[in-house]
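We did not get these values from a lab; they are worked out from the coordinates using the rules stated. If you're wondering where the values come from, they're calculated on a predicted model, not measured in any experiment. Note that each Cβ is placed from the backbone with ideal geometry, even for glycine, and that neighbours are counted across all protein chains shown.
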């Protein structure tokens, strides 16, 4: 110790803290300084790039939202909950949530507390870069000598907190290491294959905190420590008895930090820095416009490559199809691998489960749609003949309800018959808009990336609906429902899916049903559940007319039936496999029948299911109380 | 070939010299399913756009094989991509992607 104290700086602060080095500098900080400077420059350039590619309107939106008190509060809350604590993971997989928050929140607290400590006890070092503002708070423990007689309660509290959060992070790191060996223990069946940069950054991240513990352990008798570092210091002393290990560990700690920052932009850990920006942009209401630039780029770099979407993806029933998951899609986008990106984008079912379960909230289905748009939107079309369409004339024509069955319902006349029967028995008058065939809602075109064509279909339908003077638009297909809700802007007209409407009729007492003995399981169609958030209404009705059983995974975790119109290239066989796995998931509690509220799911399940498949309207129709 | 003008109905003769083999083989390369079609016409019968104007994947495929590119594209130009034809195809052809590919390959000038 004497040799180290020889060069001691003589000024003692009231807290009894002495700078051990006159300039507060040692060569070992260099790797860290290089790393942190690199990442700061990289981030700035990235930020400018992203802002440059946003449209002027989007930039203005972003600026306004940052300074609007309401969204500002939401931003802070979201950044705290999503980036640091990761409440979304906690809710589904507590152990994984603990692991992540231990590393993220623990590290964050170490940095914040370290800075507060310096601000309180050695404030002059925060003033300028020349005084070491960049590295001093990080290596604070190396540069100071803490006189034991002067130790204050305030100082000890910080020693304790720093050790406590270090232990917290170390527990997270230990779990992370265990996860590499046995991911299922933390609730993950599949994990992402790490790339080279991922590996470098990962091993550095693993090394940073044990090294910090070692380094602070060696200096604990000089710079102070608490329950973790003090005993370690005593132990080292009794083994080594000299300070030869002192500098090498601090060097190693700095090198690991530097390497981590250097590997960061090319690895999954970029999400640590980009996620807050994504949250700001998302809360400002920005949407993906180009598949690789602007907002999409923020999403791409915010992907943490955690692999939660691998377990979520309905394609995971076959191992060969795992490569179509969002993690790999985003990884290839990041690497500009156009061929693979296109293949994955066209294969995806667009069920939205990866988006619903993504802890970062990367809307990869929307990026896929934008990507399809680049190659498909130029294709020509001719919808002039559709102008011939007119509403079917029946009686006085004045009805508040317009029923739009949609293309898919016309393939399953049973659904149409059931819906009309229910409406009639509730005494409702309605216009059946596409009784003799109608214009498609435009959603399939949108999903295929043919936005221009979709817009024309939408405008034709919109004109027809607005002119009819109806007040309620009733739909029996979730695909139509989604597009009518999101893209039509029908002003005062209420847009209802038949599950919502029938629930309303039963609650108001306009439709009377009897409770039967049939046990059912309800399948949440992707577009209705995850797409529009309709989960409760169909369940309410089914509980009233029979026994509702639970599926293994339901609501926002429900598995796509495989029939989705979202996929452009998935073949029949693979779709069949997905349908089978979805049925396995539904029949976990041995229900007597599967009930769904989508004509497409209905057809997909019918082909594969060992038990009867019924449509929601069909079941309601069977249980109408006859007077 | 000479048309003697004695026919009562218009000639349905196919002049295979006019057929663009290159484009068709390009189509088969990306869409091997195109050859699976047995021309049953389920797609045409169920077509949503067919209510308004003749739209038929079945005829379009036949026309492409016979070199009538313009007519084929015309038969598909009203397609709304709703996917009913995929659902009813007894051969399990991914009709939507087939239509997309036909448009992409034959519309390119």
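Structure notes:
- Computed over the range A:219-259, the range of Cα coordinates on each principal axis works out to 31, 21, 14 Å, biggest value leading.
- Shown for the range A:287-376 is the translational diffusion coefficient from the Stokes-Einstein equation, using the Kirkwood radius over Cα pairs, a temperature of 10 °C and a viscosity of 1.306 mPa s: 125 µm²/s.
- Alpha carbon convex hull of the range A:413-458, projected area averaged over orientations, nm²: 4.1
- Directionally averaged projected area (the range A:497-589, Cα convex hull): 6.5 nm².
- With helices as the sole contributors, chain B gives -12500 deg cm²/dmol at 222 nm; each DSSP H run of n ≥ 4 counts as -39500 (n - 2.57), and the sum is divided by every residue.
- Under the criterion of Cα pairs below 8 Å and six or more residues apart, the relative contact order for chain A equals 12 percent.
- Kirkwood Rh and Cα Rg combined as Rg/Rh, the range B:19-107: 0.92
- The distance between label points at residue A:512 and residue A:112 comes to 6.1 nm (points 7 Å beyond Cα on the Cα→Cβ vector).
- With each label modelled as a point 7 angstrom along the Cα→C-beta vector, the residue A:414-residue A:44 pair spans 6.6 nm.
- Where only C-alpha atoms are counted, convex hull volume of the range A:132-215 per residue in Å³: 130
- Share of pairwise Cα separations in the range A:2-271, more than 31 Å, in percent: 35
- Short-range pairs are left out: with C-alpha atoms under 8 Å and at least six residues apart, the relative contact order of the range A:567-627 is 31 percent.
- In the range A:88-157, one over the average inverse separation of all distinct C-alpha pairs is 14.2 Å, which is the Kirkwood hydrodynamic radius.
- Principal axis extents of the C-alpha atoms in the range A:465-540 (largest first, rounded to whole Å): 44, 28, 14.
- Taking each residue as 0.36 nm, the span from residue A:203 to residue A:60 lengthens on full extension beyond its C-alpha to C-alpha distance by 47.4 nm.
- The range A:458-501: translational diffusion in µm²/s, Stokes-Einstein, Kirkwood Rh over Cα pairs, 37 °C, 0.692 mPa s: 312
- Relative contact order of the range A:2-271, defined on C-alpha pairs under 8 angstrom at six or more residues apart (%): 27
- Descending Cα extents along the principal axes, the range A:326-392, whole Å: 48, 26, 15
- Förster-model FRET efficiency, 41 Å R0, residue B:35 and residue A:374, C-beta, rounded to 0.05: 0.90
- Distance between modelled label sites at residue A:77 and residue A:182, nm, 7 Å Cα→Cβ extension: 3.9
- Shape category assigned to the range A:168-231 from the gyration tensor of Cα positions, a/c cut at 1.5: oblate
- In the calculated pair-distance distribution of the range A:34-112, the portion above 17 angstrom amounts to 66 percent of the Cα-Cα pairs.
- Rg ratio (alpha-carbon, reference 2.2 N^0.38 Å) - the range A:414-519: 1.19
- Protection proxy ranking, highest mean first, for peptides A:62-75, A:587-600: A:587-600, A:62-75, where packing is the per-residue count of other beta-carbon atoms within 10 Å, averaged.
- Enclosing the Cα atoms of the protein assembly as shown in their convex hull gives a volume equal to 204 cubic angstrom per residue.
- Each helix, a run of at least 4 DSSP H residues, gives -39500 (n - 2.57); summed and divided by the residues of chain A, these come to -17000 deg cm²/dmol at 222 nm.
- Counting all C-alpha pairs of the range A:202-304, share separated by more than 22 Å (%): 51
- Taking the C-alpha atoms only, the angle from helix A:599-608 to the longest principal axis of chain A is near 90 degrees.
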